1. If a/c stays under 1.5 just call it rounded; otherwise compare a/b with b/c (prolate if a/b is bigger, oblate if not). Do that for segment 214-324, with a ≥ b ≥ c from the square roots of the Cα gyration tensor eigenvalues.
2. With θ set to phi - 60° and the Karplus curve 6.51 cos²θ - 1.76 cosθ + 1.60, what are the ³J(HN,Hα) couplings of segment 263-268 in order, to the nearest whole Hz, using x for Gly and Pro?
3. In deg cm²/dmol, rounded to 500, what helix-only [θ] at 222 nm does the chain give when every DSSP H run of at least 4 residues adds -39500 (n - 2.57) and the total is split over its residues?
4. Can you tell me the 0 to 90 degree angle between the C-alpha axis of helix 162-173 and the longest principal axis of the chain, rounded to 10?
5. Which of these, T156, T272, T148, has the largest mean-square fluctuation under a Gaussian network model of the chain (Cα springs below 10 Å)?
6. Taking the Cα centre of each part, how many Å lie between segment 182-257 and segment 128-173?
7. Quick one: of the DSSP bridges fully inside the chain, what percent are antiparallel, nearest 5?
8. Name the residues whose placed amide hydrogens come within less than 5 Å of the amide hydrogen of T29, ignoring near sequence neighbours (fewer than 5 apart) on the same chain.
Amino acid sequence: MITRRQAILGGLALPAGPAAAQVLDRPVTLLAPFSAGGAADLAARIFAAHAPRHMGPGPQPIIVDNRTGASGSIGTQFVARARPDGHTLLLARVGSSAILPATDARTPYSVEDFTWLALLDENPFVVCVRADAPWRDLQALLAAIRATPGQLNFATSGPATILDLGIRHMLASASLPIDAAQALPFRGGGEALMALLGGHAQFVGNNLGDMLGAIQQGQVRALVVSGDARLASLPHVPTAAQAGLPALSSLAGWNALAAPANLPEPVLEFWTRVTIATTRDPEWIAATRRTGSVPRFLDGAATRAHVEAQIALYRDLARRLNLG
């Protein structure tokens, strides 16, 4: 027998499920655990802009709350402790929801503290320098780091984020000490980019969503992008394998939607419907692609499994790098 949720996920026709007016009585807060202007903020605002038209009669607005700090754990923990009534959602990120739990046993939440609603998209990892920097390719940057250990620095959004772990993985893969370049922590990818543009950092490794605009405007130069193939949006940027560092190929950011654990079934059904409809919306898809992300929907169960697999991946990586 097919359950209602299976039918929803399978796209089968069903009588209309609960509308916003039936499950929501006030605006929805969508927590973005990193600073305004970064990839998490953009993804949250794109979802908040497009989801309401799929919420049925009486939709409530979705308000993005940038609650930053502690590598994204402050905003993430806020949602974990919130009332499970559908009014508080999390824009979950690889750093705060996978890397941090994988590398820091003190992380004040775990996978079990959330109702996982959907994976929304994935975002390649890219290493960039300022457009006027002397390094024309990745090997030139690595050679400079090798020649002046500890002198160059990179911008991060905290010690347990892809901005930090990705660069340390890059250094180790190039047979360099993981402290061969110095980390400068900021509150999010947007601030890390500003540090690069302002000359406070010499390079940054980040999700493409944080960097694409600056790349396209000629402010920064992308040296390498993760993945197995060059991106249509950046055809001139080599892949990790082409740049001589294939170990970076598997790095990628992602955005997922979550709520506190123990979400009531009608509320879960409501947000499942809304998320499916939103991720099929051509306007949401186009807006997401403009950020450099690749739309990729997974349902709640598959998203939880994905997060668990990511935690295992980064726990192993941190162990090999002697981190955490």
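Read the figures in this text as sums done on the coordinates, not as results from a lab. All values derive from a computational prediction rather than experimental measurement. Quick reminder, even Gly has a Cβ in these numbers, built from the backbone with ideal geometry, and neighbours come from all protein chains shown.
1. oblate
2. Ordered by residue, 3J(HN,Hα) equals 5, x, 4, x, 6, 4 Hz.
3. Numbers: 12 runs with 121 residues, N = 324.
Value at 222 nm, helices only, nearest 500: -11000 deg cm²/dmol.
4. So the inclination is approximately 40 degrees.
5. T148
6. 11
7. Among the beta bridges of the chain, antiparallel pairing accounts for roughly 65 percent.
8. Those lying under 5 Å, H to H, from T29 are I63, T88, L89.
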